[in-house]
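What follows is a short report on a single structure.
The values are calculated or read from the model by the stated rules, or taken from the named source; none is laboratory data. What you are looking at is a predicted structure, and each value in this text was computed from that prediction instead of being measured. With ideal geometry, Cβ positions are generated from the backbone for all residues, glycine too; neighbour counts draw on all protein chains shown. Heavy atoms of the whole protein, side chains included, go into the accessibility calculation; ligands, DNA and RNA do not. Shrake-Rupley method; radii C 1.70, N 1.55, O 1.52, S 1.80 Å.
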Amino acid sequence: MAKNFPTREENYSQWYNELVVKADLAENSAVRGCMVIKPYGYAIWEKMQAALDKMFKDTGHQNAYFPLFIPKSFLSKEASHVEGFAKECAVVTHYRLKTGEDGKSIVVDEDAKLEEELIVRPTSETIIWDTYKKWIQSYRDLPILVNQWANVVRWEMRTRLFLRTAEFLWQEGHTAHETKDQAVEETLTILDVYAKFAEEWMAVPVLRGLKSQSEKFAGAVDTYCIEALMQDGKALQAGTSHFLGQNFAKAFDVKFLSKENKLEYVWATSWGVSTRLMGALVMSHSDDNGLVLPPKLAPIQVAIIPIYRKDEQLEQISEKVKTIKSALEAKGISVKFDDRDTYKPGWKFSEYEFKGVPIRLAMGPRDLENGTIEIARRDTLKKEIVPIEGIEDVIENLLNEIQEKLYNKALDYRKEHTFEVNDWDEFKEKIEAGGFVLAHWDGTPETELKIKEETKATIRTIPLNNPQEDGKCILTGKPSKERVVFAKAY
RNA sequence: CGGGGUAUAGCGUAGUCCGGUCAGCGCGCCUGCUUUGGGAGCAGGAGGUCGCAGGUUCAAAUCCUGCUACCCCGACCA
């Protein structure tokens, strides 16, 4: 029941879990910290995948696949990389089970111990760079622009549905280039792809920028990110694009002969977005009645519900609906006609609201007489009776309008919750209340850490094309040239 | 791994202090009839080793001991 949803002021996580389970998106699995994504939720992920995959291909990338298991020794080749992931790796030590001495239980066969343990990939840089070593000899082999869709495992202490699950689905791009400039350009190209996807498909406005050195990816030279603000005022890192320099090339000894016949290390990038985006989607738009999906990512864009007493009424309605349905489908709009007689109309109304279906149509005997149909939109919950004539154009426009409105609403929210702050007390107050806080910082990791300890706020990003201005660090008062974005984050 | 909580039907819970008509309630589920423009009403029904293992007792959901799992807050993190 909608009224049983905890409000946003209450524990957000509880609200979120309720929402997700009731909206049929996902539920917790028996495996600790992993998730079961139900068919409806997975359909949203598939839509995201399809859109992203096209954008990658349009920018010259290809898909490939690499092993799930990584020899333990690979992980230790890049020092900061191993340090970043060592504490959250699942390790495979044996390859066989056997029946226990009691004849019933199943135990690990100690004779089947692996010579070298395997790590379930927390990310694939190492195994991919081990492979690239074999692929690259000449500048003619470059660039390599490869993406993989995969699952990864990070054994987090604490998990949170979609945002930090022990296993998650993602894509990870791994590219190799001749020059530093080409690699940096690639990093920024992908950052732009991510930002466009977030804004144009998910209707989630994002900040584009650089991570501070202490927040960057383990093994990267620079980490670029897109950063979104959720409805509860907390920030969410929605995607990252890393300039890896020559770190992995050196660790895995990947060299090529340049046009000048010189042996050089290749330049690298890696980048990824995950099922965390599903969390971002839910937490950006949903309300106390359930999900609100942007039309471009909604598996069902229009749900049609018949209202009837007698079977012959249903027949008449179905007849009319068929025409509407095919007219909409001709425009590429996905339509579900829900003529199940096992649920009543009111039940279905709530069901599609939970699921975030952008537009709901209802047709009953009154509409049959008048040549009308009831149209209800999920984002505003408003409904009106309109003529059936030309309904497909009305809906097509309305879907576009809803997509745009969701984005603008989220953008307005972010504007209202972005503050320029010059005073430490005000800083603490604004951080506590939630939102992006733009403040000066002296650029040192020590100050960054101290601010984190005192306020739980981290530097979310140093925006691209950040305006330069003289100021004083919010904590130390030392001189600073630009403001950075602070917030409490998921 | 530190601190705090919780465990009773598919879900949510009452009962635990004070042992004994104590295994109950709501939602959901099943059957029938009436209903169908915002999660229907009535009647009947199914569903439980009270997290697990010991112990105390004439008697344990309730008291004691040990274990396990989950949740929240930290540390970690896409």
- Single residue of segment A:156-189 satisfying the filter (assigned to a loop (DSSP other than H, G, I, E, B) and buried (at least 17 other Cβ atoms within 10 Å of the Cβ)) that is farthest from RNA strand B (Cβ to nearest atom): A:178
- Query: Out of all the residues in segment A:123-132, which are touching a Lys or Arg at 6+ places or on another chain (Cβ under 9 Å) and assigned to a helix (DSSP H, G or I)?
  - Reply: A:126, A:127, A:129, A:130
- Item | Hits in segment A:323-334 (condition: surrounded by fewer than 19 Cβ atoms within 10 Å (Cβ to Cβ), under 36 Å from the mean Cα position of the chain (by Cα) and part of a helix (DSSP H, G or I)) | A:326, A:327, A:329, A:330
- Note on the structure: Flagged in segment A:439-490 as open to solvent by 40 Å² or more (accessible area, probe 1.4 Å), within 23 Å of residue A:231 (Cβ to Cβ) and touching a residue at least 40 places away in the same chain (Cβ under 8 Å), in numbering order, are A:488
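If we scan segment A:190-197, do we find a residue that is in contact with a Leu (Cβ under 7 Å, 6 or more places away or on another chain), at pLDDT 95 or above and either within 30 Å of residue A:410 (Cα to Cα) or part of a helix (DSSP H, G or I) (or both)?
Looking through segment A:190-197, at least one residue is in contact with a Leu (Cβ under 7 Å, 6 or more places away or on another chain), at pLDDT 95 or above and either within 30 Å of residue A:410 (Cα to Cα) or part of a helix (DSSP H, G or I) (or both).
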- Which of the residues belonging to segment A:44-84 are free of Cβ contacts under 8 Å to residues at least 40 places away in the same chain and part of a loop (DSSP other than H, G, I, E, B)? A:76
- Item | Of all residues in segment A:345-363 being open to solvent by less than 20 Å² (accessible area, probe 1.4 Å) and within 8 Å of RNA strand B (Cβ to nearest atom), the one that is farthest from the chain's Cα centre (by Cα) | A:363
- Please indicate, with yes or no, whether at least one residue in segment A:211-230 is more than 14 Å from the chain's Cα centre (by Cα), open to solvent by 10 Å² or more (accessible area, probe 1.4 Å) and away from RNA strand B (no atom under 13 Å from the Cβ). yes
- Message: Please go through (1) farther than 27 Å from residue A:286 by Cβ; (2) in contact (Cβ under 8 Å) with a residue 12 or more places away in the chain; (3) within 7 Å of RNA strand B (Cβ to nearest atom); (4) open to solvent by 50 Å² or more (accessible area, probe 1.4 Å) for residue A:366 and return the number of the only condition it doesn't satisfy.
- Response: (2)
